[in-house]
Amino acid sequence: MLKLINPFLLDPKDVGGLGLTTGEVGFVYGTIGIVGLTIGGIIGGLAAAKGGLKKWIWPMTLSMLLTAVTFVYLSFTQTDSLLLINICVFVEQFGYGFGFTAYMLYLMYYSEGEHKTAHYAICTGFMALGMMLPGMFAGWMQEQLGYNHFFVWVMICSIVPIIAVSLLKIEPGYGRKKINKM
């Protein structure tokens, strides 16, 4: 989905986009989106520090995956309301920031051990690969399906990470802030 958000926001309505100007996209994604992403990440970090990764893995996973609903909505309505577009992008980026906290914590958890820096680097490489490979086909797929059905397809593909998360084994206290008692 990530590779197609800017084209979707910029493309004219007759090809399924929202028809925003470059300046509007810059504000929507470069300002409102960044604020949502930052706040989501901070709240995700605070939640994980309070309850631990195991407690928050499902809410964070679902918040990251279900944010695609905002683009399903926008693609089917093709709203002219810049306020509504800003709200949807804020919600999408907030959910992504909140959910990405769990992903990063799991990478740190998985990397524990003698060579944790190398393991973390390898995991980060797999993360990048996981974003690049689907991105290679995203444009072609969007042209075949149209934006609205492309975003629905992204929602269907969210089943795979849900299955993956259900198979994770995480220690109950991992990620929780340790309180020093004197």
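No lab work stands behind these numbers, since they all come straight from the coordinates. Note that the coordinates shown come from a computational prediction; the quantities given were computed from them, not determined experimentally. Glycine also receives a Cβ, built like all others from the backbone with ideal geometry; neighbour counts cover every protein chain displayed.
Of the residues that make up segment 62-71, is at least one assigned to a helix (DSSP H, G or I), more than 13 Å from Cys88 (Cα to Cα) and either of a type in the set (S, T, N, Q) or more than 14 Å from the chain's Cα centre (by Cα) (or both)?
Yes, because at least one residue in segment 62-71 is assigned to a helix (DSSP H, G or I), more than 13 Å from Cys88 (Cα to Cα) and either of a type in the set (S, T, N, Q) or more than 14 Å from the chain's Cα centre (by Cα) (or both).
Give me a count of the residues in segment 1-34 that are among the aliphatic types (A, V, I, L, M), assigned to a helix (DSSP H, G or I) and surrounded by 15 or more Cβ atoms within 10 Å (Cβ to Cβ).
7
Return only the number of the condition from (1) within 21 Å of the chain's Cα centre (by Cα); (2) over 17 Å from Gly52 (Cβ atoms); (3) of a type outside the set (Ser, Thr, Tyr) that Leu145 does not satisfy.
Answer for Leu145: the failing condition is (1).
Mind listing just one residue for me: the one in segment 148-171 that is surrounded by 13 or more Cβ atoms within 10 Å (Cβ to Cβ) and part of a loop (DSSP other than H, G, I, E, B) and, of those, nearest to the chain's Cα centre (by Cα)?
By that ranking, first place goes to Ser158.
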